[in-house]
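*Asks:* Structure provided below as structure tokens; questions to follow.
The values are calculated or read from the model by the stated rules, or taken from the named source; none is laboratory data. This is a predicted model, so every value here is computed, not measured. In this analysis, Cβ positions are derived from the backbone assuming ideal geometry, glycine residues included, and neighbour counts consider all displayed protein chains.
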Amino acid sequence: MFTSVLVANRGEIACRVFRTAKRMGLRTIAVHSEADASALHVKEADEAVLIGPAPARESYLDTAKVLAAAKQTGAEAIHPGYGFLSENAEFAEAVMAAGLVWIGPPPAAIRAMGLKDAAKDLMEKAGVPVTPGYLGADQSVETLTAEAARIGYPVLIKAVAGGGGKGMKRVDAAEDFVAGLDSAKREAKAAFGDDRVLIETYITRPRHIEVQVFGDGQGNVVHLFERDCSLQRRHQKVIEEAPAPGMDDVTREAVTSAAVRAAQAVNYVGAGTVEFIADASEGLKPDRVWFMEMNTRLQVEHPVTEAVTGVDLVEWQLRVAAGEPLPMKQADIRLNGWAMEARLYAEDPSNGFLPSIGRLEHFVLPEPGDGVRIDAGVEAGGEVSQFYDPMIAKLIVHAATREEAAEGLAEAVEAVEVWPVRTNAGFLGRCLRNSRFRSGDVDTALIAAEGETLSARPDDKVLDAIAVALTAEDRWYDRDGRRNHDWGSPWAGSPGGTFGLRLSRSPRSQYAARLGGRTVVGSVMPALDGDRVWTVGEGETALSVEIDGQSARAGERVVAWTYGDGDDDVLFDRGEAVAFGWRGGVASRGAGGGVADGSLRAPMPGRIAAAPVKDGEAVKAGQTLVVLEAMKMEHALTAPFDGVAQVRVAVGDQVTDGAELALVEAVDG
């Protein structure tokens, strides 16, 4: 066994690999960009090396710099994590040519599975069923358009070199095909440097089933059962679980044996995932599951497999890379219970899931233990950067049954407290409590079908009322649960007071308030100076609110973070965060900004990927004016109303947060 390992990655996967490596007594080495100088993975490594500026192409994707760091530190092995260079055959060859141990599959296997069209052809020859579609080399618009028509709409356009939902577009009608193709090619080029695509028939009730496989240098290949990753948003996984709900023994045998054949066909060594798409219109059937692709690396969702099998997959990676045989035989690998994982992203579901960047002034995750596992890549005080993927942590729960795992994970994500960076914690909680999800009736279209219910934050009235309830509560505590007599509501003892509320965003210090044993009933009064006004009365039981004749109830765990000078507070309720502040002895919450003036501003720094509208062109409400590429994804900014567009940017421009990209002027009449 080698004695040191360098992880050519960042964030939570680097921290994850370090955890196992340290347990095995290995020296750990991190590499980092200038933007990550104070990142968590740098602090957790035994040694760290700066390898370049913030952009990944100048640091994490620079093979020469990574190898130089390995030489400088005396690293004996390199683990690529996932993303970045993890599926780059040339990088793997360069690592081995430098005399280092490559902790990954053979370069030939990476190449064989790296291009989706070639991989599908290879799988057909190996007897693995594949999805019907077009895999041809002719990439002309005319040919691709004709093939889409032959396959029949809806179709799925996928980047040949793709992964992670990038360069993937669903097209429902012929008139939308060229626009979808252009967008897919742009994303593919930006993410993978290759804009070639393939086209598949779009399965109307698809389930995403994947199988964890593992091979060693002695020719042994095993599977560690399946995962279900069907709960997705725009082809990005949201909740993953193992095993797959509704999977019977016959179907499991069919899909796992097909995955093993796929790995054997490329002489696979190390951890890999074979992904399948299933037609779930009549449940999971062995003849309705098709190969999609193979990921020749460790997956983001590997913890759920570890939970139900009791296997440390990173330890297996390290041992197999050192030449050892697989630690277990197929017959010895058993399923135990159920596991679910949620991906915590720095993004705002109520604002089109736009990524959120900035400093994590307040960052609280549930405590690990009792079936709860936390894989985090950041810490309180850290930065969420515009340059990298917005995933900041993974929350994993293992339990005896699926229902217990779902409930435990829902409670975990609802305990998340993050500010001022926005997260999807509340969205995750609503997904986990969705009745269709709880029943196992899951497909990749579930979130799209119930998007407004799942994506929208709770009604503003409810949040306002909960905030008012906090102002009426006189029991304030610090984080250790001790009474803090210096902090109290200005309305303590006067529950009949009247107040207005406004949003505020300027955190400063750290106190917490917890509610209990009180009902607060509010009724909406006429607005005063543009603020909502409430009358608040005292009741007897848990926190609830009546608004416009309808009752609303807060979560059982409601937390408020109070700032040092008492001017501003943030309320956390079931993963959601809302801020309010004190003005003149009353709490006020004002209306937020918008695009009423027709100005479209960059929600974050990024690059202009497309500007399909010309300056002075008449536009309709909802029409795309500018496409911003940021944090590895495209974000379309649309006209807020009919009018004439003034475009302020050009394709290729780098823009800062808040920069005006376009302006729509309403036409008289």
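So that you can scan it fast, the table gives a plain yes or no per residue for (1) assigned by TED's automatic domain parsing to the domain that holds residue 393; (2) exposed (fewer than 15 other Cβ atoms within 10 Å of the Cβ); (3) over 21 Å from residue 358 (Cα atoms):
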{"residue": "25", "(1), (2), (3)": "no, yes, yes"}
{"residue": "36", "(1), (2), (3)": "no, no, no"}
{"residue": "41", "(1), (2), (3)": "no, no, no"}
{"residue": "44", "(1), (2), (3)": "no, no, yes"}
{"residue": "47", "(1), (2), (3)": "no, no, yes"}
{"residue": "62", "(1), (2), (3)": "no, no, yes"}
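*Asks:* Being closer than 30 Å to residue 383 by Cα and at pLDDT 95 or above narrows it down to one residue among 331, 339, 259, 263; which is it? Show your work before the answer.
*Replies:* Details: 331 fails: closer than 30 Å to residue 383 by Cα; 259 fails: closer than 30 Å to residue 383 by Cα; 263 fails: closer than 30 Å to residue 383 by Cα.
Of the residues listed, the single one that is closer than 30 Å to residue 383 by Cα and at pLDDT 95 or above is 339.
*Asks:* Would you confirm, using the coordinates I've provided, whether residue 197 is surrounded by 21 or more Cβ atoms within 10 Å (Cβ to Cβ) and assigned by TED's automatic domain parsing to the domain that holds residue 265?
*Replies:* Working: surrounded by 21 or more Cβ atoms within 10 Å (Cβ to Cβ): yes; assigned by TED's automatic domain parsing to the domain that holds residue 265: no.
No, not satisfied.
*Asks:* I've got another one for you. For the list (1) crowded, with 21+ Cβ neighbours inside 10 Å; (2) modelled with pLDDT under 95; (3) over 27 Å from residue 18 (Cα atoms), I need the number of the one condition that residue 410 fails.
*Replies:* Going through (1) crowded, with 21+ Cβ neighbours inside 10 Å; (2) modelled with pLDDT under 95; (3) over 27 Å from residue 18 (Cα atoms) one by one, residue 410 breaks only (2).
*Asks:* What single numbered condition from (1) farther than 28 Å from residue 189 by Cβ; (2) touching a Leu at 6+ places or on another chain (Cβ under 7 Å); (3) part of a helix (DSSP H, G or I) fails to hold for residue 75?
*Replies:* (3)
*Asks:* Since residue 405 meets every condition but one in (1) at pLDDT below 95; (2) buried (at least 24 other Cβ atoms within 10 Å of the Cβ); (3) of a type in the set (Gly, Ala, Ser); (4) under 22 Å from residue 307 (Cα atoms), which condition does it not meet?
*Replies:* If we test residue 405 against (1) at pLDDT below 95; (2) buried (at least 24 other Cβ atoms within 10 Å of the Cβ); (3) of a type in the set (Gly, Ala, Ser); (4) under 22 Å from residue 307 (Cα atoms), just (1) comes out false.
*Asks:* I need every pair where a residue in the range 425-437 that is farther than 13 Å from residue 412 by Cα has its Cβ under 8 Å from the Cβ of a residue that is of a type in the set (Asp, Glu), sequence separation at least 6 or different chains.
*Replies:* Pairs that qualify, where the first residue is farther than 13 Å from residue 412 by Cα and the partner is of a type in the set (Asp, Glu), are 434/450; 436/450.
*Asks:* Any idea which of 233, 252 is over 28 Å from residue 166 (Cβ atoms) and among the charged types (D, E, K, R)?
*Replies:* On the way: 233 fails: over 28 Å from residue 166 (Cβ atoms).
It is 252.
*Asks:* Within the range 47-66, track down each residue that is among the acidic types (Asp, Glu) and without any contact (Cβ under 8 Å) to a residue 24 or more places away in the chain.
*Replies:* Residues of the range 47-66 that are among the acidic types (Asp, Glu), as a first pass: 47, 58, 62.
If the condition is that a residue be among the acidic types (Asp, Glu) and without any contact (Cβ under 8 Å) to a residue 24 or more places away in the chain, then 62 is the only one that fits.
*Asks:* Going residue by residue through the range 34-49, is there one that turns out to be part of a loop (DSSP other than H, G, I, E, B), touching an Asp or Glu at 6+ places or on another chain (Cβ under 9 Å) and either charged (D, E, K, R) or under 26 Å from residue 374 (Cα atoms) (or both)? First the steps, then the outcome.
*Replies:* The initial filter retains those residues of the range 34-49 that are part of a loop (DSSP other than H, G, I, E, B), namely 37-39, 45-46.
Then keep just the ones that are touching an Asp or Glu at 6+ places or on another chain (Cβ under 9 Å); that gives 38-39.
Checking which are either charged (D, E, K, R) or under 26 Å from residue 374 (Cα atoms) (or both) leaves us with 38-39.
Looking through the range 34-49, at least one residue is part of a loop (DSSP other than H, G, I, E, B), touching an Asp or Glu at 6+ places or on another chain (Cβ under 9 Å) and either charged (D, E, K, R) or under 26 Å from residue 374 (Cα atoms) (or both).
*Asks:* Further, regarding this structure: Out of 298, 344, which single residue is crowded, with 24+ Cβ neighbours inside 10 Å, modelled with pLDDT of 95 or more and either part of a strand (DSSP E or B) or of a type in the set (Phe, Trp, Tyr) (or both)? If you could, list the steps in order and put the result at the bottom.
*Replies:* Working: 298 fails: either part of a strand (DSSP E or B) or of a type in the set (Phe, Trp, Tyr) (or both).
Testing whether each residue is crowded, with 24+ Cβ neighbours inside 10 Å, modelled with pLDDT of 95 or more and either part of a strand (DSSP E or B) or of a type in the set (Phe, Trp, Tyr) (or both) leaves just 344.
*Asks:* So, one more: Which one of these is more than 19 Å from residue 305 (Cα to Cα) and not in a loop (DSSP other than H, G, I, E, B): 413, 421, 397, 378? So that I can check it myself, show each step before the final result.
*Replies:* Numbers: 421 fails: not in a loop (DSSP other than H, G, I, E, B); 397 fails: more than 19 Å from residue 305 (Cα to Cα); 378 fails: not in a loop (DSSP other than H, G, I, E, B).
Being more than 19 Å from residue 305 (Cα to Cα) and not in a loop (DSSP other than H, G, I, E, B) holds for just one of 413, 421, 397, 378, which is 413.
*Asks:* Find the residue count for the range 218-242, including only residues that are more than 17 Å from residue 446 (Cβ to Cβ) and among the hydrophobic types (A, V, I, L, M, F, W, C).
*Replies:* Residues of the range 218-242 more than 17 Å from residue 446 (Cβ to Cβ): 218-226, 242.
If we keep only those that are among the hydrophobic types (A, V, I, L, M, F, W, C) too, we end up with 221-222, 224-225, 242.
Total meeting the criteria: 5.
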